[in-house]
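Q: Take a look at this one; I'll ask things after.
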Amino acid sequence: MLVYTSPPAAADIWLAGRPLVELYAGSDCPDTDFHARLADVAPDATSVSISRGQVRARFRDGLDRGVLMEQGVVYRLAFEMLSLAHVVRHGHRLRVVVAGSPIRSSR
């Protein structure tokens, strides 16, 4: 799991749309699910999820083109998160959490 947290916002930040995740990753399994979560973190450390998304690595080039990964190769995985409309208030932080879940059986 990777966690990235921004510095506190100097002013309110208005967000709207579908965030795009561009991830470069590999796995020692032929297929892996990758998940991303975007959160608003208050000054008291309370974290509220504002969007999320995921991709199954074998479908990185489209749902009609399932291709398993090769061990030792880094792949570009791009996917959209769910739509959002949110205001990150002054003093709050943005956090991105990325995690992978290997799929041991790829039938």
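The values are calculated or read from the model by the stated rules, or taken from the named source; none is laboratory data. Since this is a predicted model, take the numbers as computed values, not measurements. Methodologically, a virtual Cβ is constructed for each residue, glycine included, from the backbone with ideal geometry; neighbour enumeration extends over all protein chains shown.
Q: With the requirement that a residue be under 11 Å from residue 35 (Cα atoms), assigned to a loop (DSSP other than H, G, I, E, B) and either aromatic (Phe, Trp, Tyr) or out of contact with any Leu (no Cβ under 7 Å at 6 or more places or on another chain) (or both), what does segment 51-82 give you?
A: Scanning segment 51-82 gives no hits.
Q: Check 85, 99 and return the single one that is more than 16 Å from the chain's Cα centre (by Cα), part of a strand (DSSP E or B) and among the small types (Gly, Ala, Ser). Break it down into steps so the answer makes sense when it comes.
A: On the way: 99 fails: more than 16 Å from the chain's Cα centre (by Cα).
Going through 85, 99 in turn, just one is more than 16 Å from the chain's Cα centre (by Cα), part of a strand (DSSP E or B) and among the small types (Gly, Ala, Ser): 85.
Q: Follow-up. Limited to segment 53-84, what total is found for residues that are exposed (fewer than 10 other Cβ atoms within 10 Å of the Cβ) and either out of contact with any Asp or Glu (no Cβ under 9 Å at 6 or more places or on another chain) or among the β-branched types (Val, Ile, Thr) (or both)?
A: Selection size over segment 53-84: 5.
Q: Go over the candidates 45, 9 one by one and state the one that is assigned to a loop (DSSP other than H, G, I, E, B), touching a strand residue (DSSP E or B) at 6+ places or on another chain (Cβ under 9 Å), of a type in the set (A, V, I, L, M) and modelled with pLDDT of 95 or more. Let's see the steps before the verdict.
A: Values: 45 fails: touching a strand residue (DSSP E or B) at 6+ places or on another chain (Cβ under 9 Å).
Criteria check complete, one pass: 9.
Q: I'm trying to understand the selection: among the residues of segment 1-41, which are loosely packed, with under 11 Cβ neighbours inside 10 Å and either polar (S, T, N, Q) or farther than 14 Å from residue 55 by Cα (or both)?
A: Result: 1, 4, 7, 10, 11, 14, 16, 28.
Q: Okay, moving on. Based on this model, can you work out whether residue 74 counts as closer than 30 Å to residue 88 by Cβ, at pLDDT 95 or above, of a type outside the set (Ser, Thr, Tyr) and within 17 Å of the chain's Cα centre (by Cα)? Full working, then the answer.
A: Details: closer than 30 Å to residue 88 by Cβ: no; at pLDDT 95 or above: yes; of a type outside the set (Ser, Thr, Tyr): yes; within 17 Å of the chain's Cα centre (by Cα): yes.
Taking the combined requirement at face value, the residue does not satisfy it.
Q: Kindly indicate whether any position in segment 28-40 is more than 19 Å from residue 3 (Cα to Cα), part of a loop (DSSP other than H, G, I, E, B), under 16 Å from the mean Cα position of the chain (by Cα) and among the charged types (D, E, K, R).
A: No, segment 28-40 contains no residue that is more than 19 Å from residue 3 (Cα to Cα), part of a loop (DSSP other than H, G, I, E, B), under 16 Å from the mean Cα position of the chain (by Cα) and among the charged types (D, E, K, R).
Q: Please identify the pairs in which a residue from segment 37-66 that is in contact (Cβ under 8 Å) with a residue 40 or more places away in the chain and among the polar types (S, T, N, Q) has its Cβ atom under 8 Å from the Cβ atom of a residue that is in a strand (DSSP E or B) and surrounded by 17 or more Cβ atoms within 10 Å (Cβ to Cβ), counting only partners at least 6 apart or on another chain.
A: Taking only residues 6 or more apart or on different chains, the pairs are 47/39; 47/40; 47/41; 47/95.
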